[in-house]
1. Taking the criterion of being outside any helix (DSSP H, G or I), farther than 28 Å from residue 67 by Cα and at pLDDT below 80, would at least one residue in segment 177-195 satisfy it?
2. Return a yes/no flag: does segment 53-69 have any residue that is surrounded by 10 or more Cβ atoms within 10 Å (Cβ to Cβ), more than 29 Å from the chain's Cα centre (by Cα) and free of Cβ contacts under 8 Å to residues at least 12 places away in the same chain.
3. Any residue in segment 222-229 that is modelled with pLDDT under 85, closer than 24 Å to residue 43 by Cα and part of a helix (DSSP H, G or I)?
4. Limited to segment 213-227, what total is found for residues that are without any contact (Cβ under 8 Å) to a residue 60 or more places away in the chain and more than 18 Å from residue 239 (Cβ to Cβ)?
5. Kindly list the number of the only condition in (1) exposed (fewer than 13 other Cβ atoms within 10 Å of the Cβ); (2) more than 30 Å from residue 116 (Cα to Cα); (3) at pLDDT 75 or above that fails for residue 211.
């Protein structure tokens, strides 16, 4: 029975990963297909669609805007969430529950609702649509995700260490720099990467607020409105490779951080 159960579990695992990765594999295949359709057999190998994407001015502008928005919103979200999580646990310990509900609410609310609310708000105060309000709106969502990641780290952290260091003669700023930040660094890096990917992939809110500008998800949507362009496959390949690079950076940063801790303990 044990062997039979292992075989069933192995088959289930294989089918699960096939379900997840086969569509991505087909995207990679058709990105280099010389034909424009999605039928087999393949017409031949070509770099044509990569060249067309490289020469597409709107695509390059969309990628640049997406990078600016994602970098800005991820950085702002990480800074605000880090300060907020420390302040919440140290200064508002008795009333943490109500604040946690308010901070988690953007994670649970539909993006359509948040997008419409942001659009109505900025139109009410006569603020023009564009990249700045997209960044502000992305921060309102991604900050909650970063906060949740940091909470898992802070709840297991003895915050009395900072108070003890101050009692022993350290300044308040040096105690934060030398004790709190090193402990929070892995969670902060993970939160920053998570916030970056959320902002990078956000479509609904961005579509409402971007105005005459364009981000990569909005560009892809505009391409799909008139049929699936082969350039969409190329974009999907590049995004997949970019995501793998981000994961590699996260894993590498964790290894580097662990090595630094080991050296300091010695």
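The values are calculated or read from the model by the stated rules, or taken from the named source; none is laboratory data. What you see is a predicted model, and the numbers here were worked out from it, not measured in a lab. In this analysis, Cβ positions are derived from the backbone assuming ideal geometry, glycine residues included, and neighbour counts consider all displayed protein chains.
1. Checked segment 177-195: no residue is outside any helix (DSSP H, G or I), farther than 28 Å from residue 67 by Cα and at pLDDT below 80.
2. If we filter segment 53-69 for residues that are surrounded by 10 or more Cβ atoms within 10 Å (Cβ to Cβ), which is where we start, we get 53-54, 56, 58-69.
Narrowing the set further to residues that are more than 29 Å from the chain's Cα centre (by Cα) leaves none.
No: segment 53-69 contains no residue that is surrounded by 10 or more Cβ atoms within 10 Å (Cβ to Cβ), more than 29 Å from the chain's Cα centre (by Cα) and free of Cβ contacts under 8 Å to residues at least 12 places away in the same chain.
3. yes
4. Final tally of qualifying residues: 3.
5. Going through the list (1) exposed (fewer than 13 other Cβ atoms within 10 Å of the Cβ); (2) more than 30 Å from residue 116 (Cα to Cα); (3) at pLDDT 75 or above, residue 211 breaks only (2).
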